[in-house]
Each structure stands twice: as structure tokens, then as C-alpha cells.
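Each remark here refers to the structure printed beneath this line.
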Amino acid sequence: FNIDCDDEIEQIQNYLTIQKIRFHKNFEALVEVEEAIYNHKILRLVLQPIVENAIIHGLEPKIGKGKLIIKGYKDQENIIFDILDDGIGMGNSKSKGEGIGMSNVMRRIQIYYGEQYGIIIPQYKGFTCVRIIIPTDRIENKAM
């Protein structure tokens, strides 16, 4: 059910490698994750569906090269992941299934951590951002 955060990030790196081959490197990916969160456990497959949505629904239909940024950091009480892309924007994709992955991740987070956690869509100039918020107090720290 849970996975080490560093393992989840490694899976995302592998997924990005496959997608870059598939899309002939038509997007640039940057992963910036603070080392402080690597020691925590998170729900399995929380990031991959959101990253997949960004690529398939945002970057794939974009004309020209796109950019994907994945940030992971800790604030006072939460671990936060921001998945940003400069694709065509949410709601503009003609692909079927847009939003299914995001709603599934949101539901899983809220079932496990509580209704106050999950996904929000903050405004970012020139980027679509999906922010995942997970509490640190419900996350098992493997260093403990």
C-alpha cells in the first residue's frame, strides 16, 4: 500500500524515460525533490497518474516542445508535490479519460489521509499545476 518516496520518484524517472522515447523527446522533464522527503513513505502510485495526465492530455497535443516540472518539498505539516506542464491546459484535451487519473488519486488520498488532503489546482502563469498535499504526521518515516 505504501512505498518509500525515493522509490516512487525512481519509478517516475523510469516512466519519464519511456515517455521521452515514445514522444521522441518532444518534452523536457525536470524533477526537483527535496532530500528531506525521501525518508518518508507515501501511497503507491500517487504521482504517476498525474504525470501521465500532464504528458498525454497537456504535452502530447501541444505543438512544439513542452516542459514538465515535478517538485517535491516539505512545508510545516505536509509533503507537497507540484506537477507542472506548459501544455495545452486542463479541459482543452480531446483525449478520452481526461481527469479520471486525477479523481482516482484524489479519492485514494482522502480515504487514507482524510478529506482535507488531496489535490488542488493552483494558478501558475504559463503552466498547468496539479498540487498533491499529504500530511507528514500520517506518513511513516523509515528513519524512525
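The values are calculated or read from the model by the stated rules, or taken from the named source; none is laboratory data. Computed from a predicted structure; not experimentally measured. Accessible surface is based on the protein model in full, side chains and every heavy atom, while ligands, DNA and RNA are left aside. Shrake-Rupley method; radii C 1.70, N 1.55, O 1.52, S 1.80 Å.
Of note:
- Computed over protein heavy atoms with a 1.4 Å probe, the carbon and sulfur contribution to the accessible area of the chain reaches 51%.
- Qualifying aspartates and glutamates (Cα of each under 13 Å from Cα of residue 20; at least 8 residues distant if same chain): 28, 52, 60
- Residue 62 long-range amide H proximity, modeled H, under 5 Å: 88
- The C-alpha atoms of the chain define a longest principal axis, and helix 100-113 lies at about 10 degrees to it.
- Rounded if a/c under 1.5, otherwise prolate or oblate - the chain, Cα gyration tensor axes: prolate
- Using a probe of 1.4 Å, the accessible surface attributed to residue 44 totals some 100 Å² when neighbouring protein chains are kept in position.
- Annotation: aspartates and glutamates with alpha-carbon distance below 12 angstrom to residue 125 (same-chain offsets under eight excluded): 85, 86.
- Here the 3J(HN,Hα) profile of the range 115-120, calculated from phi with Karplus coefficients 6.51, -1.76 and 1.60 at θ = phi - 60°, is 4, 7, 10, x, 10, 10 Hz, Gly and Pro shown as x.
- The largest accessible area among 45, 16 belongs to the first residue in 45, 16, and the rest follow in falling order (1.4 Å probe, all chains).
- Principal-axis tilt of helix 5-22 within the chain, Cα atoms, nearest 10 degrees: 10
- Couplings 3J(HN,Hα) for the range 42-56, derived from phi with the Karplus relation 6.51 cos²θ - 1.76 cosθ + 1.60 (θ = phi - 60°), are 9, 4, 5, 6, 8, 7, 4, x, 6, 5, 4, 4, 4, 6, 6 Hz, where x marks Gly and Pro.
- Pairs of Cα atoms nearer than 8 Å and 6+ residues apart set the relative contact order; for the chain it is 24 percent.
- Antiparallel bridges, percent of DSSP beta bridges restricted to the chain (to nearest 5): 75
- Rolling a 1.4 Å probe over the protein heavy atoms gives the chain an accessible area of 55 Å² per residue.
- Shown are 4, 82, whose ranking by accessible area with a 1.4 Å probe and every protein chain present, most to least, is 4, 82.
- In the chain, helices alone account for a calculated mean residue ellipticity at 222 nm of -8500 deg cm²/dmol, with every DSSP H run of four or more residues adding -39,500 (n - 2.57).
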